[in-house]
Amino acid sequence: MHWADYTAQRLSGRGGAQVAASGITPSGQFHIGHLREILTAEMIHRACLDAGLDSRYLFIVDSMDPLRRVYDFLSSDYGRYIGHPLAYVPAPGPDGELGDGTTSYAEHFLAPFIDALRTIGVKPEVVMNHEAYQSGAFAHSIDLAIQHKEEIRELIEEISGREVPEGWFPYNPIGSDGSLDGVRVTGYEHPRVHWVDGHGVEGSSDIRKGEGKLPWRIDWAARWGIHGITCEPAGKDHGAAGGSFDTGIPISHLLGGDPPEKMVYEWIQLKGMGPMSSSAGLTIGPMEALDLVPPEILRYVIARSKVNRHIDFDTGAALFETADEYERLVANPPSSSEEDMSKRQRVAMETQLGAVRLSQVEIGGDPTDSVGGVSFRHLAMLAQIKTTDEGVWESLQRSGHLEGEPSQTLSGRLARMRTWIDGPHFPEGARIVIQTEVGDEARANLSDEHRGFLSELAGAISDSEWSNMAIDDCIRGVSDEAGIAKRQAYVALYWVLLDRSHGPRVASIVAEMDRGDFLALLEDA
RNA sequence: GGGCCUGUAGCUUAGUCAGGUAGAGCGCCGGGCUUUUAACCCGGUGGCCGGGGGUUCGAAUCCCCUCAGGCCCGCCA
């Protein structure tokens with residue numbers, strides 16, 4: 001059974017309406033890792049719906065969280081906004097310069113991410129956390145937290161093993177300069193929290209009006225109750241023993257809530273990406289990833305992995321293989337008709353089918369609608385050999401992959417594939433580089449028999465018609481005359497053309513080449 | 001120092017919760033396709049389940065120890 005279905009099953013035991021949620025701080029550019037946070041929760045939500053449960057999916061944007069520091073992509077002018085809730089910080093301009101404030105920092109980074117989510121079929125109910133504070137939704141929880149101040153302090157100290165500092169207060173008011181930092185609480189008279197800020201200015205905040213916030217560990221616990229959240233997968237950082245999940249659960253009870261079960265997902269790592277490295281500034285965002293592979297593949301990357309396994313997100317060969325794995329699964333789904341299937345095989349099959357189901361952009365979508373009918377590997381090859389899309393379709397029609405006109409799915413795939421090929425993320429192993437001179441490795445691997453064939457071919461092909469068919473006839477004819485095994489003839493050509501022992505149809509490659517260039521290569525051998 | 005996750009065929013991994021003869025995909029190798037391929041179809045190869053010890057009739061699975069990789073323990077989400 002797929003993990004999302006399993007979780008849905010557990011949630012059904014809990015009864016009532018299900019609310020799956022994610023929470024992300026919009027402190028900067030969203031990246032591919034955030035997709036796991038979102039999709040883990042969203043897939044559970046979908047699984048709940050599929051199980052006939054009443055379910056909603058919430059995306060809580062931590063817009064009330066303060067700007068922590070001046071990130072590298074921000075101008076130093078942002079220094080004065082440190083400690084300010086992100087909803088009240090002006091969005092940066094293109095070069096990180098301080099914006100005019102028409103758009104908030106939080107909105108600025110959120111908007112493109114929401115667009116990307118829509119493309120992958122995620123349509124969350126978006127909750128801006130600062131609005132929740134402004135609306136007074138937190139007021140009751142804040143009041144309870146203040147009343148239970150000492151119990152909460154004990155819980156945090158006991159569970160996290162951390163000492164809560166003197167003067168700690170379970171509500172952090174915004175000071176006179178708009179910052180949450182350095183504000184000391186001096187008293188509480190419902191609904192106002194009195195304080196003195198770092199400048200020595202005194203004031204008071206109305207807990208019903210977004211004039212302050214709960215500290216994270218309490219904020220999280222409170223929102224579970226406020227929104228009736230029944231499931232919120234959290235990153236492994238929250239999951240550490242004594243982490244915010246462990247303190248959140250008892251705090252939530254204290255605030256009258258019924259917290260979700262602890263669920264922790266592993267990170268997506270950018271390891272093993274070859275030329276990609278964060279230090280080189282070459283990270284990948286969801287939008288960028290969507291330029292390369294279709295949304296269902298991006299979903300499948302998450303769906304196919306168990307929640308507690310880390311994912312090496314690799315825009316190179318691994319993504320290639322994942323995409324082809326998806327194609328195979330959809331085109332040729334495991335069949336349940338086998339009676340002699342073992343229990344394990346059956347479970348594995350159900351899990352795979354679940355992963356495909358949850359990878360669909362539209363809920364309940366037919367996976368076969370998203371199938372291209374061609375492996376990514378093959379398409380990548382054709383896209384490199386054929387300069388025009390028409391050429392690709394013709395080749396696919398000849399090879400039987402395609403009947404009639406290409407579907408929208410397929411032409412979309414080709415467009416993305418061309419982007420991928422032209423970009424820095426394309427796997428080098430799949431790149432077809434036509435040599436301009438014979439490579440060292442090729443030279444080392446060419447036998448006398450190979451050379452003899454190549455030189456004969458040079459003579460024969462110099463006045464051959466320059467078409468796929470004619471070139472192929474010529475190659476086959478010469479190999480017969482030269483008495484070389486066909487296989488060896490092609491091996492020789494692959495070495496010369498690609499500096500490899502094998503490759504795509506030789507004639508297809510040669511037909512796209514300039515005759516002079518090809519002859520020069522043959523003679524160079 | 002404390003804790004969490006992971007370690008199964010060359011690669012990605014299922015199976016670990018409820019012990020019962022190690023499964024899959026890719027790759028690779030071979031064959032077929034009267035067109036060669038990185039297409040397509042068929043077949044095959046491949047694993048002292050990180051290591052050691054223990055419990056058991058029986059351990060990838062439970063217990064202890066150990067090695068390796070990743071991550072968390074700053075009101076930071």
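Listing for the model above:
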| item | result |
| --- | --- |
| Any strands (runs of 3 or more DSSP E) falling wholly within region A:167-223 and containing at least 3 residues that are in contact with a strand residue (DSSP E or B) (Cβ under 7 Å, 6 or more places away or on another chain) and within 18 Å of A:PHE138 (Cβ to Cβ) | A:192-196, A:202-206 |
| Output for region A:221-244, where each listed residue is of a type outside the set (Lys, Arg) and touching a Phe, Trp or Tyr at 6+ places or on another chain (Cβ under 8 Å) | A:ALA222, A:ILE226, A:GLU232, A:PRO233, A:ALA234, A:GLY235, A:HIS238, A:GLY239, A:SER244 |
| Unique residue being more than 9 Å from RNA strand B (Cβ to nearest atom), part of a helix (DSSP H, G or I) and crowded, with 16+ Cβ neighbours inside 10 Å when the list is A:VAL356, A:VAL307 | A:VAL356 |
| Which listed residue, of A:SER479, A:SER411, A:SER508, A:SER467, is within 15 Å of RNA strand B (Cβ to nearest atom) and within 30 Å of A:THR368 (Cβ to Cβ) | A:SER508 |
| In region A:68-113, the residues that are at positive phi and surrounded by 15 or more Cβ atoms within 10 Å (Cβ to Cβ) | A:GLY83, A:GLY96 |
| Answer residue from region A:399-436, given it is more than 25 Å from A:PRO295 (Cβ to Cβ) and either among the β-branched types (Val, Ile, Thr) or surrounded by 13 or more Cβ atoms within 10 Å (Cβ to Cβ) (or both) and is farthest from the chain's Cα centre (by Cα) among those | A:THR436 |
| Qualifying residue in region A:225-248 (condition: surrounded by fewer than 22 Cβ atoms within 10 Å (Cβ to Cβ), within 13 Å of RNA strand B (Cβ to nearest atom), under 25 Å from A:GLY16 (Cα atoms) and not small (Gly, Ala, Ser)) | yes |
| Search result, residues across region A:218-239 that are at pLDDT below 90 and touching a helix residue (DSSP H, G or I) at 6+ places or on another chain (Cβ under 8 Å) | A:ALA234, A:GLY235, A:HIS238, A:GLY239 |
| All positions within region A:400-438 that are touching a residue at least 60 places away in the same chain (Cβ under 8 Å), more than 29 Å from A:PHE518 (Cβ to Cβ) and not in a loop (DSSP other than H, G, I, E, B) | A:THR409, A:GLY412, A:ARG413, A:ARG416 |
| Restricting region A:383-398 to residues that are within 13 Å of RNA strand B (Cβ to nearest atom) and touching a residue at least 24 places away in the same chain (Cβ under 8 Å), the residue that is surrounded by the most Cβ atoms within 10 Å (Cβ to Cβ) | A:ALA383 |
| Flag if A:TYR71 is in a loop (DSSP other than H, G, I, E, B) and either over 24 Å from A:PRO233 (Cβ atoms) or over 22 Å from the mean Cα position of the chain (by Cα) (or both) | yes |
| Boolean, A:ARG36 is part of a helix (DSSP H, G or I), surrounded by fewer than 19 Cβ atoms within 10 Å (Cβ to Cβ) and out of contact with any Leu (no Cβ under 6 Å at 6 or more places or on another chain) | no |
| Matching residues in region A:193-210 - criterion: being in contact with a helix residue (DSSP H, G or I) (Cβ under 9 Å, 6 or more places away or on another chain) and crowded, with 18+ Cβ neighbours inside 10 Å | A:VAL193, A:ILE207, A:ARG208, A:GLY210 |
| Any hit, region A:453-463, residues being assigned to a helix (DSSP H, G or I), at pLDDT 80 or above and out of contact with any helix residue (DSSP H, G or I) (no Cβ under 6 Å at 6 or more places or on another chain) | yes |
| Cβ pairs under 7 Å, 6+ apart, first in region A:148-159 and outside the structural domain of A:SER252 (by TED's automatic domain parsing), second more than 10 Å from RNA strand B (Cβ to nearest atom) and aliphatic (A, V, I, L, M) | A:HIS148/A:LEU254; A:GLU151/A:LEU254; A:ILE152/A:ALA145; A:ILE152/A:ILE251; A:ILE152/A:LEU254; A:LEU155/A:ILE251 |
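For every residue, the table says whether it meets (1) loosely packed, with under 15 Cβ neighbours inside 10 Å; (2) near RNA strand B (Cβ under 10 Å from one of its atoms).
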{"site": "A:ALA137", "(1), (2)": "no, no"}
{"site": "A:HIS140", "(1), (2)": "no, no"}
{"site": "A:ARG153", "(1), (2)": "no, yes"}
{"site": "A:GLY161", "(1), (2)": "yes, yes"}
{"site": "A:GLU166", "(1), (2)": "yes, yes"}
{"site": "A:VAL183", "(1), (2)": "no, no"}
{"site": "A:TYR188", "(1), (2)": "no, no"}
{"site": "A:PRO191", "(1), (2)": "no, no"}
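The values are calculated or read from the model by the stated rules, or taken from the named source; none is laboratory data. None of these values were measured; they are calculated from a predicted model. No Cβ is skipped: glycine too gets one built from the backbone with ideal geometry, and neighbour counts run over all protein chains shown.
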